[in-house]
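The next block holds one structure in the form of structure tokens; read it before the comments.
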Amino acid sequence: MHIITIASRKGGTGKTTTAGGVAQMLASKDHKVLLVDLDTQVNAALMFLRRVPREFRVEEWFNGAEPRIIQIEDSSLYVLHGIGAHPGLSVEELKAKLGELEGFDYLVFDCPPSDGLIVRSAIAVADTVLAMAEPGDWAIAGAIAVSQMVRDDQRCAFVVSRYSTRTQLSGQSVTVLTQQGKETFTIVAETKVPSTTSMHQGFPKRGKASMDMWDLVSWIMEG
């Protein structure tokens with residue numbers, strides 16, 4: 001199982017939108033994918049579910065319950081949704097929980113925008129880490145901080161969301177990240193997650209944003 005952790009120190013960087021897009025596109029290639037929503041806002045789950053059940057959350061699985069994984073319609077995409085509090089799960093404890101999951105080709109962690117223990121553990125167990133940013137100094141600094149937690153045996157890429165060829169700030173942001181020596185991708189997409197009233201289609205399937213996401217997903221699958 002290939003683990004992808006999507007993290008950022010700053011909110012609003014397109015982390016959740018990217019997590020849903022990556023999971024959705026991997027599943028469209030007939031991979032069995034589990035999207036694990038670690039954020040209390042459960043927005044990643046809301047990209048695909050009409051209602052996020054309150055009777056089970058990820059922390060219950062962390063505390064010993066059987067995971068209640070929801071299949072998205074008839075696809076090969078599955079969701080294990082949000083948490084009520086950020087649990088202090090060590091790397092070894094998280095590895096043990098992941099050992100309970102069978103049959104998935106990819107697992108995608110959507111992390112909360114923080115530097116908490118669960119985020120650090122999710123980064124540590126990953127095969128691929130996507131450090132999210134948007135054009136702006138604070139977001140760039142946060143993405144670099146995430147990348148500095150990645151070991152040499154892990155893959156890491158920067159992803160700049162809300163990128164625009166019309167703004168100097170976008171170009172400067174990409175230049176700064178490229179100088180870090182890691183793969184850098186741009187996504188021309190807003191960070192807003194689809195609302196529960198607009199159907200739960202996940203990431204757009206057409207347009208420039210979709211093409212950008214395919215570039216990112218193709219790089220992930222190469223690993």
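Which of the residues belonging to region 33-75 are within 23 Å of Ile220 (Cα to Cα) and not small (Gly, Ala, Ser)?
Restricting attention to region 33-75, the residues satisfying the condition of being within 23 Å of Ile220 (Cα to Cα) are 33-39, 43-45, 47-48, 71-72, 75.
Across region 33-75, the qualifying residues are Val33, Leu34, Leu35, Val36, Asp37, Leu38, Asp39, Asn43, Met47, Phe48, Gln71, Ile72.
Out of all the residues in region 11-47, which are among the β-branched types (Val, Ile, Thr) and open to solvent by less than 30 Å² (accessible area, probe 1.4 Å)? Working first, answer last.
In the first step, residues of region 11-47 are kept if they are among the β-branched types (Val, Ile, Thr); the result is 13, 16-18, 22, 33, 36, 40, 42.
Result: Thr13, Thr16, Thr17, Thr18, Val22, Val33, Val36, Val42.
Only residues that are touching a helix residue (DSSP H, G or I) at 6+ places or on another chain (Cβ under 9 Å) and among the charged types (D, E, K, R): list them for region 33-58, please.
Asp37, Asp39
Consider Ser195 carefully, then state whether it is hydroxyl-bearing (Ser, Thr, Tyr), touching a Phe, Trp or Tyr at 6+ places or on another chain (Cβ under 7 Å) and modelled with pLDDT under 85. Write out each step before concluding.
Numbers: hydroxyl-bearing (Ser, Thr, Tyr): yes; touching a Phe, Trp or Tyr at 6+ places or on another chain (Cβ under 7 Å): no; modelled with pLDDT under 85: yes.
No; evaluated as a whole, the condition is false for this residue.
Matching residues to (1) part of a loop (DSSP other than H, G, I, E, B); (2) in contact with a helix residue (DSSP H, G or I) (Cβ under 7 Å, 6 or more places away or on another chain); (3) at pLDDT below 85; (4) under 13 Å from Arg9 (Cβ atoms):
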{"position": "Lys95", "(1), (2), (3), (4)": "no, no, no, no"}
{"position": "Leu130", "(1), (2), (3), (4)": "no, yes, no, no"}
{"position": "Ala141", "(1), (2), (3), (4)": "no, no, no, yes"}
{"position": "Ala189", "(1), (2), (3), (4)": "yes, yes, yes, no"}
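Would you please list the contacts, defined by Cβ atoms under 7 Å and residues six or more apart or on different chains, that run from a residue in region 62-76 that is over 23 Å from Ala96 (Cβ atoms) and in contact (Cβ under 8 Å) with a residue 40 or more places away in the chain to a residue that is in a loop (DSSP other than H, G, I, E, B) and open to solvent by 40 Å² or more (accessible area, probe 1.4 Å)?
From residues that are over 23 Å from Ala96 (Cβ atoms) and in contact (Cβ under 8 Å) with a residue 40 or more places away in the chain, the pairs are Ser76/Asp30; Ser76/His31; Ser76/Lys32.
Among the residues of region 1-10 satisfying the criterion of being touching a helix residue (DSSP H, G or I) at 6+ places or on another chain (Cβ under 7 Å) and surrounded by fewer than 23 Cβ atoms within 10 Å (Cβ to Cβ), which is farthest from Val150 (Cα to Cα)? So that I can check it myself, show each step before the final result.
In the first step, residues of region 1-10 are kept if they are touching a helix residue (DSSP H, G or I) at 6+ places or on another chain (Cβ under 7 Å); the result is 4-10.
Add one more test, that the residue is surrounded by fewer than 23 Cβ atoms within 10 Å (Cβ to Cβ), and what stays is 9-10.
Numbers: Arg9: 14, Lys10: 17 Å.
Among residues in region 1-10 that are touching a helix residue (DSSP H, G or I) at 6+ places or on another chain (Cβ under 7 Å) and surrounded by fewer than 23 Cβ atoms within 10 Å (Cβ to Cβ), the one farthest from Val150 (Cα to Cα) is Lys10.
Could you tell me which residue of region 60-78 is most open to solvent (accessible area, probe 1.4 Å), considering only residues that are assigned to a helix (DSSP H, G or I) and in contact with a Leu (Cβ under 8 Å, 6 or more places away or on another chain)? Walk me through how you get there before you give the answer.
Filtering region 60-78 down to residues assigned to a helix (DSSP H, G or I) leaves 60-62.
In the following step, the residues that additionally are in contact with a Leu (Cβ under 8 Å, 6 or more places away or on another chain) were identified as 61-62.
Working: Trp61: 1, Phe62: 21 Å².
It comes out as Phe62.
Looking at (1) modelled with pLDDT of 90 or more; (2) not in a loop (DSSP other than H, G, I, E, B), can you tell me which one Ile118 breaks?
Of the numbered conditions (1) modelled with pLDDT of 90 or more; (2) not in a loop (DSSP other than H, G, I, E, B), the odd one out for Ile118 is (1).
Which residue, of Asp30, Asp39, is under 14 Å from the mean Cα position of the chain (by Cα), acidic (Asp, Glu) and farther than 18 Å from Phe185 by Cα? Steps first, answer last, please.
On the way: Asp30 fails: under 14 Å from the mean Cα position of the chain (by Cα).
One residue alone meets the criteria, Asp39.
Counting just the residues of region 156-176 that are assigned to a loop (DSSP other than H, G, I, E, B) and under 30 Å from Val125 (Cβ atoms), which one comes out least open to solvent (accessible area, probe 1.4 Å)? Quick ask: steps written out before the conclusion?
At the first step, the residues of region 156-176 found to be assigned to a loop (DSSP other than H, G, I, E, B) are 162-167.
Subsequent filtering for residues that are under 30 Å from Val125 (Cβ atoms) retains 162-163.
On the way: Arg162: 92, Tyr163: 50 Å².
Across region 156-176, the extreme among qualifying residues is Tyr163.
Kindly indicate whether Arg57 is out of contact with any Gly (no Cβ under 8 Å at 6 or more places or on another chain), closer than 24 Å to Thr17 by Cβ and not hydroxyl-bearing (Ser, Thr, Tyr). First the steps, then the outcome.
Values: out of contact with any Gly (no Cβ under 8 Å at 6 or more places or on another chain): no; closer than 24 Å to Thr17 by Cβ: yes; not hydroxyl-bearing (Ser, Thr, Tyr): yes.
The answer is no for Arg57.
Would you check if there is a residue in region 177-184 being surrounded by 15 or more Cβ atoms within 10 Å (Cβ to Cβ), assigned to a helix (DSSP H, G or I) and at pLDDT below 85?
There is at least one residue in region 177-184 that is surrounded by 15 or more Cβ atoms within 10 Å (Cβ to Cβ), assigned to a helix (DSSP H, G or I) and at pLDDT below 85.
Only one of Arg50, Arg57 is of a type in the set (Lys, Arg) and crowded, with 19+ Cβ neighbours inside 10 Å; which? Before the answer, list the steps.
On the way: Arg50 fails: crowded, with 19+ Cβ neighbours inside 10 Å.
Just one listed residue meets the conditions, Arg57.
The values are calculated or read from the model by the stated rules, or taken from the named source; none is laboratory data. Please read all numbers here as calculations on a predicted model, not as lab measurements. As a convention, Cβ positions derive from the backbone with ideal geometry for all residues, glycine included, and neighbour counts pool all protein chains shown. Accessible surface areas use protein heavy atoms only, side chains included; no ligands, DNA or RNA. Shrake-Rupley method; radii C 1.70, N 1.55, O 1.52, S 1.80 Å.
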